[in-house]
Structures are given as C-alpha cells and as structure tokens.
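Structure, as structure tokens:
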Amino acid sequence: MNPWNVLRAVAVFVVLVAAHFSLRPLMGGPVPIDFLCLAVLFAAVRVRPGAAAVIGFLSGIGMDSLALQGLGTSALAFTIVAFGASWLKAVFFADNLGLTALFVFLGKWAYDVVYVLISGGVPDGQVLVQLLLWSPLAAALTAVVGVMLLLLARPVFGTRRATHRRR
Amino acid sequence: MSSRNARGNSSRLDTGLLLACCILSVIALLLPDRLGEPIATTIRRTVLAPLLTVQGQSQTVRAAITARDDDLVLRGAAAAQAATAPALAAENESLRRLLGLAGRLRDGFVVAEAFHPAGLTDDFTITIGAGSAVGVNAFTPVVTADGLVGMVESSDPARSVAITWAHPDFGVSAMSADESAFGIVKPHLVSGPERYLLELRGVPFRASLDSGTLIVSSGLGATYPRGISIGTVISEIPTTERWARTYLLKPSVLPSTLSAVVLLLPSRVAGGVSQVWTDVASADSAARAIVAASDSAAKLAALAELAARRAALLAASDSARADSMLAPLGPAPTVRPPSISPSISPPISPPISPPIRPPPDTMPPRTVPPGGVE
C-alpha cells in the first residue's frame, strides 16, 4: 500500500473522529450525524478488509467505553460494517458519488441494526420505529454529509478507479 | 502461483482478523460489569481523554447557545407580559371599582360584559352580554363605577345594544353636584378629538359653574336615576344664547376602555342611586367651596349662596310635589341640606333670589323612541 494513501486515510480518519466529538455536540437535533461511522467507512474502503475490521473494532470499543453498559456492542457492529464495507467497495467500484452515498447509507444503517439488536437498549415497542424510521433518517443524513465531504476533500481522498479490483 | 498464494494468505489474514475482532467483541459483551468497567475506564482516561475534553467544550458551547435562546425566549415573554400588564392592571382596577359599586348598589342591577364596537363604523354603541332574560330592556341605564355610560337601545334575550354618551341621540337631564345649576347634557357634536366631550346646555345664566364642577344626572325623566356622575366642567362655551349658558364637560367614563358595565334595573332606577356617586361628589363640592371661600368676603358670599340655594330647592320641591303633572316623572328632587357647616356663623341674611326650577326633561319616560333624548 502506498504510504501516501495510508497517510491520507489516517488524516481523514482523525479529522472525522475529531468532528464526531466536536461538531456533533454542537448540532443537536433528533437525527444526529454519525461522523465516526463516516470515519470508519472512509478508512475501511482504503485498507484491506482485515485492517478495516481492526479499525472498526478499535473505534467501536472506544465508543463502548463511553457507555455505561454493553461493552463490545459497537465494537462488534463496527467490525462487521467495516469489514463488509472494505470487501464490498473492493468488489464493485471506486468513488462514484451516488454509490458512495448509498454505501454510507447502508453502512450506517447496518451499524444501527447490529447495535440495536445486540445491545437491546431500545424498548421492544420502539425497535421497529428506531430501525425503520430514525436509523434510516440518521443514515440518510450521514450519507449526505459523507458525499459533501467527499466533494470538498476529493484531492485529499484521491481518486480510485474501478480497475482497482482486488478479487 | 506465488501470487495466488499471496492472495490466499491475505484473504486468510483478513478472515483471521475479522474473526479475532468478532471474538474479542463477543468476549467484551459477555464480560461482567465488574470486569468490563475497568477496561472502559482505562480507555476513557487514556485514548479518549483529549477527545472527551473537546466534546465537553463543545457541549458547553452548545449549552451556552441553548441558554441564550432560552434567555431570548424568556425576554420576549417578559416583554409581552410587560406590554399587557398595564391593561390587566387597569382591568383589575376597573373590576375592583365595579365590585365596590355593586356593593353600594346592593340590589336591582346586572353586571355584564361590554363588547365594542358593535359595528365597524359605529363608535358610539356597545354590545352588552345581558338581555331581556335578566330584565334588561330598552332605556335601561348603563353605568360603571366612574359614572354614566349610556342606555340600552334594544335588547335580545341574551344580548343588548346600548348607545353611549357620545351617540348623537344621547341626552340626559343633569345638574351640578351641589344642585346649583340644571341643564341637559348632550354630546359635543364637532369634528376632531373634542367630539368625545359633552355639553351641558340650557344652564340658567345666573348659575355660573367653575372648572372641575361635577355634573350628575338630575333624575328628571325617569330613565336615569338622580345622582349618576356624568362628567366635570371644563369651560364655558360661548353661544349666541343670552339667557342660558353652555358648558363643555369632560366625561366621567371613556367607553373605549370599558370591559364590564352595570345595568340598573327598573327597581333600582325607582329606588334611586343618590348615595352611590354623590357622596364623593358632595365631598368634592364642599372642598371646592371651602377653598373658594378662603377669604372672608367670598366665604360670606358662598354661605349666602348656599342658604339661597337651599331655600330655592325647598320651594322647587314643594312645587314639584304639588304639581300632579310631574307625578309620573318619578320622585321629586331630593333636597339635602348643604354639606358645609361653617365654623364661624355670621348672621346670614339671604338675598332674595327667585327659586331655581330645574328644566323638565325633554321626553316623557318610557315613551322615547329608540335613541331619543331622555
């Protein structure tokens, strides 16, 4: 892997994680933007699936440490999502905006589904509402922000071609 | 071949890392709290510490923004309340005074809410939330604690429409509170702000009224009982009439500020309301007379005038009782002794003065067409 690509991926990851802890508390609202999910997804597509799983695990365990219960829930969810994202992104294509939006949307939604189902922190009557209403809304908002970030930081992200297929 | 082996090794490594991460996650999930909490605490205090500091500062900023928004909302609410506070205070004061009036009247009245204007182009009528179902009929006097508002012109079972003193058809027989002058009060039909003043017409030329003199209803005509405050004298209006004076009055009641009114039922009209408004009026009149009589000569003249007025009113009262034509008009004017009892009593020789006869009402009672002059 090109060291420049590694540096770019690390820089993007750090910036998005910092945004998660600095910008997100400022925004408020019922549908938050998940910058950490964006960081994991954008980093995952630039590394091998195994490394993506490690990134997801570490990010998730960090988030779990902020919760009072359920240590490992986010870790497992991010591990699966990051590995899947890296594997799928490598299979299909490069930086198409529409597909990137769909990719982020599905990644964030998948993370919420895994997290909600594993943690059990949502009341039974609210699970469907959470998974079919609030989670898609949050995923859509995260996807929009992801596309905007991709447009603004295209030179930093670099351009991947569809010919970079690994499998 | 070696490339295929390398790909296979990488794939196995990826799979191995995935399984390792998943297994660690599951182990973390299955850990009891007493074991998981130290791990979480360690992560929070080391890796996440700078990020949590940033998060805390962001939350502080967010709280400040929210607090400022709340502060602005509170300021807006306080400003809105401050804007309505004087109106509420005025309404409370009006209602308190109305309660006092109700206590003095005791019975024979109805308290009702006043709505205005009745029409978009009519500033001189009000709608009252009481009607014939509670005994309110045409010609029922409408008053407040400050004085006379007008009279009911038409009534439905639940609502009534009343004309105020500013209506062109309004009229009431009036007198000064000390009963020294009688006349007819009509609206001041001019253009401009003075349209909302009153005129006291037909005052005998010899009866001069000072500025500030209280004018009350005289009770002649049976629509309005005697003693309801109407207004105070502002000044005399020059007219072409040589035998009578006309005075400009400041009304006691401003109809535009009305929220509740009292309607005097026929039983209260027949019983009279002399003691309700005129107690204060008498005191005011006495005070003005005392002040005016600060020098001895003026005092002597005032006392002489009082004695003459008393004699004249006694004569008028006797005349009214004797006149059978005046019987349907209701009770004759009550003659009260002057409220001034001089501490120095010089011998008074009352000047010869013709009795002052109050001008009769221009309309017989209960036969006035709607909006007619009393």
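The values are calculated or read from the model by the stated rules, or taken from the named source; none is laboratory data. Given the structure is predicted, the values throughout are model-derived calculations rather than measurements. Cβ atoms come from the backbone with ideal geometry, glycine included; neighbour counts cover every protein chain shown. Ligands, DNA and RNA are excluded from the accessible area calculation, which covers all protein heavy atoms including side chains. Shrake-Rupley method; radii C 1.70, N 1.55, O 1.52, S 1.80 Å.
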What strands (runs of 3 or more DSSP E) lie completely within region B:221-264 and have 3 or more residues being in contact with a helix residue (DSSP H, G or I) (Cβ under 9 Å, 6 or more places away or on another chain)?
B:260-264
From the list B:Gly150, B:Gly131, exactly one residue is over 16 Å from the mean Cα position of the chain (by Cα) and among the small types (Gly, Ala, Ser). Which is it?
B:Gly131
B:Asp70 fails exactly one of the following numbered conditions: (1) under 27 Å from A:Arg24 (Cα atoms); (2) open to solvent by less than 80 Å² (accessible area, probe 1.4 Å); (3) among the acidic types (Asp, Glu). What is the number of that condition?
(2)
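Does region B:268-275 contain any residue that is buried (at least 24 other Cβ atoms within 10 Å of the Cβ), in a loop (DSSP other than H, G, I, E, B) and on the phi > 0 side of the Ramachandran plot? If you could, list the steps in order and put the result at the bottom.
From region B:268-275, those buried (at least 24 other Cβ atoms within 10 Å of the Cβ) are B:273; that's our starting set.
Going one step further and asking which of them are in a loop (DSSP other than H, G, I, E, B), we end up with B:273.
Cutting the leftovers down to on the phi > 0 side of the Ramachandran plot gives us none.
There is no residue in region B:268-275 that is buried (at least 24 other Cβ atoms within 10 Å of the Cβ), in a loop (DSSP other than H, G, I, E, B) and on the phi > 0 side of the Ramachandran plot.
Which count do you get for residues in region B:97-110 that are touching a residue at least 60 places away in the same chain (Cβ under 8 Å) and open to solvent by 80 Å² or more (accessible area, probe 1.4 Å)? First the steps, then the outcome.
Restricting attention to region B:97-110, the residues satisfying the condition of being touching a residue at least 60 places away in the same chain (Cβ under 8 Å) are B:98, B:101-102, B:104-105, B:107-110.
From what's left, open to solvent by 80 Å² or more (accessible area, probe 1.4 Å): B:104, B:107.
Selection size over region B:97-110: 2.
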Which residues, counting only those in region A:31-73, are in contact with a Gly (Cβ under 8 Å, 6 or more places away or on another chain) and more than 9 Å from chain B (Cβ to nearest Cβ)?
A:Cys37, A:Leu38, A:Val40, A:Leu41, A:Phe42, A:Ala44
Neighbours by Cβ (under 9 Å, 6+ apart or cross-chain): first from region B:1-24, within 9 Å of chain A (Cβ to nearest Cβ) and open to solvent by 80 Å² or more (accessible area, probe 1.4 Å); second at pLDDT below 90 and outside any helix (DSSP H, G or I)
B:Arg7/A:Arg166; B:Arg7/A:Arg167; B:Leu13/A:Arg48; B:Leu24/A:Gly72
By residue number, the members of region A:93-145 that are open to solvent by less than 50 Å² (accessible area, probe 1.4 Å) and not in a helix (DSSP H, G or I) are A:Phe93, A:Ala94, A:Asp95, A:Val122
Just need a number here: residues in region B:43-60 that are hydroxyl-bearing (Ser, Thr, Tyr) and at the interface with chain A (Cβ under 8 Å from one of its Cβ atoms).
1
Could you go through region B:79-96 and let me know if any residue there is free of Cβ contacts under 8 Å to residues at least 60 places away in the same chain, closer than 30 Å to A:Phe83 by Cβ and open to solvent by 70 Å² or more (accessible area, probe 1.4 Å).
no
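Which residue out of B:Val47, B:Val54 is of a type in the set (A, V, I, L, M, F, W, C), surrounded by 14 or more Cβ atoms within 10 Å (Cβ to Cβ) and not in a helix (DSSP H, G or I)? Give the derivation first.
Values: B:Val54 fails: not in a helix (DSSP H, G or I).
Of B:Val47, B:Val54, the one residue that is of a type in the set (A, V, I, L, M, F, W, C), surrounded by 14 or more Cβ atoms within 10 Å (Cβ to Cβ) and not in a helix (DSSP H, G or I) is B:Val47.
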The one condition in (1) part of a helix (DSSP H, G or I); (2) at the interface with chain B (Cβ under 8 Å from one of its Cβ atoms); (3) open to solvent by 30 Å² or more (accessible area, probe 1.4 Å); (4) not acidic (Asp, Glu) that A:Thr79 fails to fulfil:
(3)
Any residue in region A:62-74 that is within 29 Å of B:Asp33 (Cβ to Cβ), within 11 Å of the chain's Cα centre (by Cα) and part of a helix (DSSP H, G or I)?
no
